[in-house]
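What follows is a single structure, written as structure tokens, with notes after it.
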Amino acid sequence: MGELAIAILGACLAVTLAGIGSAIGVGLAGQASAGVMSEDPEKFGRLLILVGLPGTQGIYGFVAGFLTLMRLGLIGAGDKVVLTFPQAWQVFFACIPVALAGLVSAIHQGKVCAAGVEMTAKQPADSGKAMVMGIFVELYAVLGFVITFLLLFSIQF
Amino acid sequence: MIRLKSTIRNPQSTFVEDKRYAYATAYIRVLENKLLSDQIMSQLLEAEDEESLFRILQGGEYGVGSVEALEEKCREELIGVISLVKQLSLEMPLTQLLTMKYDFYNFKVLLKAKYFSKDVELHLFDCGNLDVKEIKYAVTEGKMRALPEGFADAVRKAETEFEKTEELSAIDVVLDREFVNTFYRVSSEYGKRFFIEYLELFADLSNIKIFFRVHNQGKDRNFLERVLFDHGSLDKKAFFKPVEEFASGLHTDFSHLVRESLDYWKTDGTSAGFERLADEYLFQFLKSTKHIVFGPEVLFAYLMIKENELKSIRTIVSGKINGVPVDMIRERIPLPS
């Protein structure tokens, strides 16, 4: 039972840490966006993507958590996997890349997107450039998720 | 050789982001877009008649048809902007820094009215941090205990100085100095480097303006000592030298402003040349807040720049209507950008 708890802890960290990062990031970009829309509501369309962008890390964390539970046989049609102690830690560590990369990148992406919101407020035509800047930060969350995915499916049960 | 006590003046390195101001900063960014451009200001300056002036202003926030209406509009705008930044402020020290200028202005008006028994209700700005009715009661009835710490002392000092000198300007001198002292105290307690640096720069540039004016008026050293502001970075002893010696010995990041305006001062005999350059330099410092993503500094800078816009519009319109030459008006209009 202790082994299963270690593996589940990994899944929990992937979901919660990436989720916390996204909540902070979206919160920052959302506040900045609300500030702009208080005075200029017509910019809603241009700002929507910038606000939503830091939310993707939370989704990567959720997907990673879901895949972990699936691999453990806790959801879906398969049998529940009986884990050894090393396997449990392998699952735990497999979840760490998406958890930490998601946490840190979402917060920083939130800052970049909030700055992008302010840039869009001053120069609406440059909203595309602001989005590109945000996407650069996204790359590192994607890399974390890819490694988590590869690790989860390379563990032999 | 005059040197700065500290080597600051690099505001970008001193900004510390404050995420609580994400909403406020973005809000202000939208409003910054609505500030009048230098191009519009130039068009106003070049306007041929009153009709053209108001035509240029039409379509914007200042779309009115008469000087009186424009005066009223500017007053409303200023009160509106001060109320907005007060609402966006999340800390009492910041609110104080944003509004104390208007509190001190009200004190000046009320004290002068007290000595000349005039009704000044219309001239008061009900947008400071202190309630106008309360300060009116305190000043007119002499109940200083009703005023917050610092303000009561400032008013008492101004009263004493006026009674001693019987000069109305003594009230302005004392309250301006007290404003600088209070701003310094509050900004030091607040701890945001930007405000301390602003105050230091404001005090330095104001002291140089005073230095030029005092030389023009031929006043003595005692007077100069009495009117110079504290908390600047320049040693006060430097101001007791002749103008040329002062200018050549100045080694600060704004010393070129003094040297540039020296020729103007020699030919024109006024400090107007330096005053405009100094104001523009101060606005450049305020404009450095464009590098801030989240921070209370943006609110302060916007208020100062908006206030300058209102002052500039009034100066241009009244100057043009009264037939003041364009060059003379331009000298009094600092362009922030």
Review point. Just a yes or no: is a residue in region A:67-76 closer than 30 Å to B:Lys290 by Cβ, outside any helix (DSSP H, G or I) and not aromatic (Phe, Trp, Tyr)?
Key: no
Point to revise | Given (1) within 23 Å of the chain's Cα centre (by Cα); (2) surrounded by fewer than 18 Cβ atoms within 10 Å (Cβ to Cβ), number of the condition B:Asp119 does not satisfy | key: (1)
Check your understanding: Which of (1) in contact with a Gly (Cβ under 9 Å, 6 or more places away or on another chain); (2) within 19 Å of B:Gly80 (Cβ to Cβ); (3) not aromatic (Phe, Trp, Tyr) is the odd one out, the single condition B:Leu124 does not satisfy?
Key -> (1)
Review point. Does B:Arg226 meet the test of being in contact (Cβ under 8 Å) with a residue 12 or more places away in the chain, among the basic types (Lys, Arg), within 18 Å of B:Val180 (Cβ to Cβ) and in contact with a Ser or Thr (Cβ under 7 Å, 6 or more places away or on another chain)?
Key: no
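Quick check on my filter: what residues within region A:117-133 are within 10 Å of another protein chain (Cβ to nearest Cβ) and in a helix (DSSP H, G or I)? It would help to see each step written out before you state the result.
Within region A:117-133, the subset within 10 Å of another protein chain (Cβ to nearest Cβ) is A:117-124.
A:Val117, A:Glu118, A:Met119, A:Thr120, A:Ala121, A:Lys122, A:Pro124, listed by residue number.
Is it true that A:Phe62 is open to solvent by 30 Å² or more (accessible area, probe 1.4 Å) and either more than 13 Å from chain B (Cβ to nearest Cβ) or of a type in the set (Gly, Ala, Ser) (or both)?
Working: open to solvent by 30 Å² or more (accessible area, probe 1.4 Å): yes; either more than 13 Å from chain B (Cβ to nearest Cβ) or of a type in the set (Gly, Ala, Ser) (or both): yes.
Yes.
Answer with yes or no whether B:Ile208 is touching a strand residue (DSSP E or B) at 6+ places or on another chain (Cβ under 9 Å) and open to solvent by less than 60 Å² (accessible area, probe 1.4 Å).
Details: touching a strand residue (DSSP E or B) at 6+ places or on another chain (Cβ under 9 Å): yes; open to solvent by less than 60 Å² (accessible area, probe 1.4 Å): yes.
When the stated conditions are applied, B:Ile208 passes them.
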Exercise for review: Scan region B:181-197 for residues that are open to solvent by 30 Å² or more (accessible area, probe 1.4 Å), among the charged types (D, E, K, R) and touching a residue at least 40 places away in the same chain (Cβ under 8 Å) and jot them down.
Suggested key: B:Glu189, B:Lys192, B:Arg193
Revision key, fill the gap. The condition of being assigned to a loop (DSSP other than H, G, I, E, B), more than 14 Å from chain A (Cβ to nearest Cβ) and either closer than 29 Å to B:Pro148 by Cβ or among the hydrophobic types (A, V, I, L, M, F, W, C) (or both) holds, among B:Leu44, B:Leu94, B:Leu36, only for B:Leu36
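Can we say A:Val91 is closer than 18 Å to A:Glu138 by Cα and at pLDDT 95 or above? Write out each step before concluding.
Numbers: closer than 18 Å to A:Glu138 by Cα: no; at pLDDT 95 or above: yes.
Answer is no for this residue.
Report yes if B:Leu124 is surrounded by fewer than 20 Cβ atoms within 10 Å (Cβ to Cβ), farther than 23 Å from B:Val180 by Cα and hydrophobic (A, V, I, L, M, F, W, C), otherwise no.
Values: surrounded by fewer than 20 Cβ atoms within 10 Å (Cβ to Cβ): yes; farther than 23 Å from B:Val180 by Cα: no; hydrophobic (A, V, I, L, M, F, W, C): yes.
Judged against the criteria, B:Leu124 is not a match.
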Practice item. Run A:Ser38 past the list (1) small (Gly, Ala, Ser); (2) touching a Cys at 6+ places or on another chain (Cβ under 6 Å); (3) within 14 Å of chain B (Cβ to nearest Cβ) and report the number of the one that doesn't hold. Key: (2)
Review point. Among the residues of region B:77-89, is any modelled with pLDDT of 95 or more, closer than 30 Å to B:Ser188 by Cβ and outside any helix (DSSP H, G or I)?
Key: yes
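Does B:Phe54 satisfy being open to solvent by less than 20 Å² (accessible area, probe 1.4 Å), of a type outside the set (S, T, N, Q), in a helix (DSSP H, G or I) and over 23 Å from B:Ser318 (Cβ atoms)? Show your work before the answer.
Values: open to solvent by less than 20 Å² (accessible area, probe 1.4 Å): yes; of a type outside the set (S, T, N, Q): yes; in a helix (DSSP H, G or I): yes; over 23 Å from B:Ser318 (Cβ atoms): no.
No: the conditions fail for B:Phe54.
For region B:14-31: of the residues being more than 7 Å from chain A (Cβ to nearest Cβ) and within 23 Å of the chain's Cα centre (by Cα), which is least open to solvent (accessible area, probe 1.4 Å)?
The first filter runs over region B:14-31 and keeps only residues more than 7 Å from chain A (Cβ to nearest Cβ), leaving B:14-18, B:20-21, B:28.
Narrowing the set further to residues that are within 23 Å of the chain's Cα centre (by Cα) leaves B:14-15, B:28.
Numbers: B:Thr14: 33, B:Phe15: 42, B:Ile28: 0 Å².
Filtering region B:14-31 for residues that are more than 7 Å from chain A (Cβ to nearest Cβ) and within 23 Å of the chain's Cα centre (by Cα), the one least open to solvent (accessible area, probe 1.4 Å) comes out as B:Ile28.
If we keep just the residues of region A:86-100 that are under 20 Å from the mean Cα position of the chain (by Cα) and open to solvent by 30 Å² or more (accessible area, probe 1.4 Å), which is farthest from the other protein chains (Cβ to nearest Cβ)? Let's see the steps before the verdict.
To start, the set of residues in region A:86-100 that are under 20 Å from the mean Cα position of the chain (by Cα) comprises A:91-100.
Next cut, open to solvent by 30 Å² or more (accessible area, probe 1.4 Å) only: A:93, A:96-97, A:100.
On the way: A:Phe93: 32, A:Ile96: 27, A:Pro97: 26, A:Leu100: 21 Å.
Once the filter is applied, the top-ranked residue is A:Phe93.
What residue, among those in region A:101-140 that are of a type in the set (A, V, I, L, M) and open to solvent by less than 20 Å² (accessible area, probe 1.4 Å), is farthest from B:Val30 (Cα to Cα)?
Pass one, region A:101-140, residues of a type in the set (A, V, I, L, M): A:101, A:103-104, A:106-107, A:112, A:114-115, A:117, A:119, A:121, A:125, A:130-133, A:135, A:137, A:139.
The next check asks that each one be open to solvent by less than 20 Å² (accessible area, probe 1.4 Å); those that pass are A:106, A:114, A:117, A:121, A:130.
Values: A:Ala106: 25, A:Ala114: 14, A:Val117: 10, A:Ala121: 5, A:Ala130: 16 Å.
Among them, the one singled out is A:Ala106.
Which residue, of B:Ile40, B:Ile79, is under 17 Å from B:Val317 (Cβ atoms) and surrounded by fewer than 17 Cβ atoms within 10 Å (Cβ to Cβ)? Working first, answer last.
Values: B:Ile79 fails: under 17 Å from B:Val317 (Cβ atoms).
After applying the criteria, what remains is B:Ile40.
Of these, A:Leu152, A:Leu83, A:Leu143, A:Leu100, which one is touching a residue at least 40 places away in the same chain (Cβ under 8 Å) and not in a helix (DSSP H, G or I)?
A:Leu83
The values are calculated or read from the model by the stated rules, or taken from the named source; none is laboratory data. Given the structure is predicted, the values throughout are model-derived calculations rather than measurements. Here Cβ is always computed from backbone atoms with ideal geometry, including for glycine, and neighbour counts include all displayed protein chains. For the accessible areas, the whole protein counts, side chains as well, though only heavy atoms, and no ligand, DNA or RNA atoms are used. Shrake-Rupley method; radii C 1.70, N 1.55, O 1.52, S 1.80 Å.
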